[in-house]
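Right, one structure below, let's go through it.
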């Protein structure tokens, strides 16, 4: 699988007077202990490696990578170790948060080495990136407990001069897919009660939905990303696989708080996708 050729939907040339923070989001990789395992017919290790090749070839000027959950489908130490080894070779910081298929404690143990970390927050230039854990053991849907809400509130309260990007696995508002919206964040009122108090919040970034998504609530952008493996067809009542190729989201976070963003996908869809599967 080869990356698409460059288009206008890409990082802009760097300017001396303008140096945005360049970010790549990868999500929902669903690796396994065995690199030969597949999900809906796709070898998730192969598609993950292909997306990392896309990052290296077309986004080699990125400042960091955000990995927004469901990183290892079986939450295996072998899967996390192999992922860490691949991400270390990207030679830039990689910040990771867990999804419902991950086990946060195992993920933290095996990913937190070198340039690959699982921080609660990170400050870069005049931005703060807050990484929340919305997972609930044994559940597919998400919840932000009191500790996570406190992390969110404290980081925003203590960094009023920083533009804020909030990251979590589960989508905080419905996306129009009934089956997926049953697995959304279950306490968005508590979440947005904090967000609404802090005008420096510029965008909320999620994984989980395996599709390109963008909307806006008040002045805050809500952004979802493709998976590095299988994609979900938007706006359907029931589970359905899309035939779009794996991909990533890229972001340019401006010094003025602006967010320039787009989606990049592999040039071809792996031919072994099994669109007849009933779930994942």
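Which residues, counting only those in the stretch 33-90, are within 20 Å of residue 230 (Cα to Cα), in contact (Cβ under 8 Å) with a residue 60 or more places away in the chain and within 18 Å of the chain's Cα centre (by Cα)?
Matches in the stretch 33-90: 44, 47, 48, 50, 51, 54, 55, 66, 68, 69, 70.
Please give the strands (runs of 3 or more DSSP E) falling wholly within the stretch 170-224 in which 2 or more residues are surrounded by 15 or more Cβ atoms within 10 Å (Cβ to Cβ), in contact with a helix residue (DSSP H, G or I) (Cβ under 6 Å, 6 or more places away or on another chain) and modelled with pLDDT under 95.
none
Which one of these does residue 250 not meet: (1) part of a loop (DSSP other than H, G, I, E, B); (2) within 27 Å of residue 57 (Cα to Cα)?
Every condition holds for residue 250 apart from (1).
Provide a single number: the residues in the stretch 153-169 that are out of contact with any strand residue (DSSP E or B) (no Cβ under 9 Å at 6 or more places or on another chain), touching a residue at least 40 places away in the same chain (Cβ under 8 Å) and either crowded, with 22+ Cβ neighbours inside 10 Å or not in a helix (DSSP H, G or I) (or both).
Result for the stretch 153-169: 1.
Could you list, ordered by first residue, the pairs with Cβ atoms under 7 Å in which the first is in the stretch 176-189 and free of Cβ contacts under 8 Å to residues at least 24 places away in the same chain and the second is in a loop (DSSP other than H, G, I, E, B) and surrounded by 18 or more Cβ atoms within 10 Å (Cβ to Cβ), at least 6 apart or interchain?
181/175; 188/172
Within the stretch 253-278, can you find the residues that are closer than 21 Å to residue 42 by Cα and in a strand (DSSP E or B)?
263, 264, 265, 266
The values are calculated or read from the model by the stated rules, or taken from the named source; none is laboratory data. As the structure is a computational prediction, the values presented were derived from the model and not from experiment. Quick reminder, even Gly has a Cβ in these numbers, built from the backbone with ideal geometry, and neighbours come from all protein chains shown.
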